[in-house]
1. If you check Val84 against the conditions, is it closer than 20 Å to Ser125 by Cβ, in contact with a helix residue (DSSP H, G or I) (Cβ under 7 Å, 6 or more places away or on another chain) and assigned to a loop (DSSP other than H, G, I, E, B)?
2. It is to be established whether one or more residues within segment 34-43 are modelled with pLDDT of 95 or more, near the ligand (Cβ under 9 Å from one of its atoms) and under 24 Å from Met183 (Cα atoms).
3. For segment 327-361, enumerate the residues that are among the β-branched types (Val, Ile, Thr) and closer than 13 Å to Phe291 by Cβ.
4. Considering segment 220-275 alone, what residues qualify as being of a type in the set (D, E, K, R) and closer than 17 Å to Glu196 by Cα?
5. Anything in segment 305-325 that is open to solvent by 30 Å² or more (accessible area, probe 1.4 Å), over 19 Å from Gly362 (Cβ atoms) and touching an Asp or Glu at 6+ places or on another chain (Cβ under 9 Å)? List them, or say none.
6. Can you tell me which residues in segment 442-462 are touching a residue at least 40 places away in the same chain (Cβ under 8 Å) and open to solvent by less than 10 Å² (accessible area, probe 1.4 Å)?
7. From the list Gly362, Gly372, exactly one residue is open to solvent by less than 40 Å² (accessible area, probe 1.4 Å), of a type outside the set (Ser, Thr, Tyr) and not in a strand (DSSP E or B). Which is it?
8. Do the conditions hold for Val260, that is, is it β-branched (Val, Ile, Thr), surrounded by 22 or more Cβ atoms within 10 Å (Cβ to Cβ) and over 21 Å from Leu200 (Cβ atoms)?
Amino acid sequence: MEEKDVERAYDEKSITVLDGLEAVRKRPGMYVGSTGARGLHHLVYEVVDNSIDEAMAGYCKNIIVTLEEDGSVTVIDDGRGIPVGMIAGFKKSAVEVVLTKLHAGGKFGGSGYKVAGGLHGVGLSVVNALSERLEVQVGRKGEVYLQKFERGKPVSKLEKIGKTRKTGTIIRFMPDAEIFEEMDFKFETVAQRLQEVAYLNAGLRIKFEDKRGERETREVSYRYNGGIVDFVAFLNASKETIQKRIIFVEGKREDAEVEVAMQYNNGYIDNVFTFTNNINTHEGGTHLIGFKAALTRTVNEYARSHNIIKEKEGSLSGEDVREGLTAIVSVKMEEPQFEGQTKTKLGNPDIKGFVESTLNSGLSEFLEENPGDAKNILGKALAAGRARSAAKKARELVRRQSILESSSLPGKLADCSIKDPSLCEIYLVEGDSAGGSAKQARDRSFQAILPLRGKILNVEKAGPARVFSSNEIQAIITALGTNVRDDFDIDKARYHKAIIMTDADVDGAHIRTLLLTFFYRYMPELIDEGYIYVAQPPLYRVLIGKKSFYAYGEPELERVIKENNEKKKTIQRFKGLGEMNPDQLWETTMDPERRNLLQMNIEDAVAADLVFNTLMGANVEMRRNFIQEHARDARFLDV
Ligand code: 0RA
């Protein structure tokens, strides 16, 4: 279709170009994911990703991102600047084409990477289409150029407005309030992404400033000369590591490069994060498969050649050699194919072998050259293997016992009467007293209640053996029916909704995070399938005359009060679920017609897990402060 456009008359062509952006405005969700907070933040990432592409090509060293006072965003880079010359066949400058033509985000046959690093390949034109106004300034060949747009349409020509000796691009955009329901950028969310890309592009300097507040500008700068090695050090900062040196391996070929950094800590979980062109490939893919294969093979080979595993003994499993491992696998390549439900799974088949052979040689070299580290790594993997077979025996014992007993369901579970799992839901409720209210409140035909006592075990700290012997966790596993990890079977799920219901306070947030972490580590498929939800109990009840109104936060409370300002009212603050009577609990939090459930996705879980691990680590004081600070933070509460 684009080929034909070029042959048509100029007017017609420009109409077609605008049609493309109209499509973006008509269905923004298709291009940026949503018109909520996620889509809004996507706009910033998209613009920044273009500057990152310029950095990957070797031309950009500094990026400055500013949240402006008026709600707009400015992204400045010192790359080569978007070309300003006319593009044959378009009768427009390259700047204008890049900003008005759908998917024209890539380079025009230039050097360096041809990939558009933009998430899911969405271009600057999408940001332009979804902005009330956008200004682009380019420094090139001694001149400064400026062009302005409104809702994707040029409202000025590309003009020379001054002289400069620098090169680079400045893009300032104001998201369109007609499109986005959410217009408020979150400092932490943007900062986290910028820090991530700074780690993934060693040496790149990214400054981020927020000028919106009444107080002085909030500002952070990221620059990591060690790149992903620094990333691994950061992820392991609050842990006890068992290696002196962080392993770093890289490989380059014509159309792709791979970098791997890894280090073991003395914990039980693995944190292997994979990226392709700076995009977090949450669903893994061929690079992850190559990484795992090389790791398992190399560690086993080393163990055999050094007689650590004897000839007749069995090999270490993949899970054994990943226990306690923190790793980053970063691939940069031309034309990545993204697959999977959320398009975050790398599909290019040849990348498996590339990553695998790179790591095979790099890792075996490391092990030979660092015998002290190698000894610790092998010791850890062997211990994991022993614990795994012990845990398996324990689990089999539990399973056999439960088969012998006539009812294997936990005693505390108040099950529902309907048997069709697709219609059933289970509430995991904090505390016996709230559990009691929920049992009275529920519709027993399809709602089951499982009260949980106190804080559940932190599975990040406890090994599988302890996890499986925890009563609360055993109750969850048997109630859900799916089993865990290798034995997980989604078809055995007894409910298609598992709803975490905790108090709207700091402890509740903590328990919610613990539960989510458990699901993430032991039943990630449940999150993938969208079976995990978080209930949202109200914080306030306002009684006006005989009518009750509920509010889920302070702004809503204020609104309710304002809307009814002439009448007499009583405000009740719920400190916990237990303070609501069953009727109130039903109408606010459990009635499918009126409740507001938050569905969890794997990114929420990863974010919770990361926050939980990196920031909260072992330090109790830090953890308290963090939870308190973030108790009102939507991203944290949403998990
Ligand atoms: C197309 C070609 C070239 C650079 C860029 C686009 C470019 C785009 C953006 C967007 C934000 N910052 C940017 N920096 C550069 C290559 C130009 C050349 O060969 O000189």
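1. In short, yes.
2. Checking segment 34-43: not a single residue is modelled with pLDDT of 95 or more, near the ligand (Cβ under 9 Å from one of its atoms) and under 24 Å from Met183 (Cα atoms).
3. Ile328, Val329, Val331, Ile351, Val355, Thr358
4. Arg223, Asp230, Glu259
5. Matches in segment 305-325: Glu319 only.
6. Gln447, Ala448, Leu450, Leu452, Ile456, Val459, Ala462, listed by residue number.
7. The unique qualifying residue is Gly362.
8. no
The values are calculated or read from the model by the stated rules, or taken from the named source; none is laboratory data. Here the structure is a predicted model, which means the values were calculated and not measured. Note that we place each Cβ from the backbone using ideal geometry, even for glycine, and neighbour counts take in every protein chain shown. When the accessible area is computed, the model is the full protein with side chains, heavy atoms only, and any ligands, DNA or RNA have been set aside. Shrake-Rupley method; radii C 1.70, N 1.55, O 1.52, S 1.80 Å.
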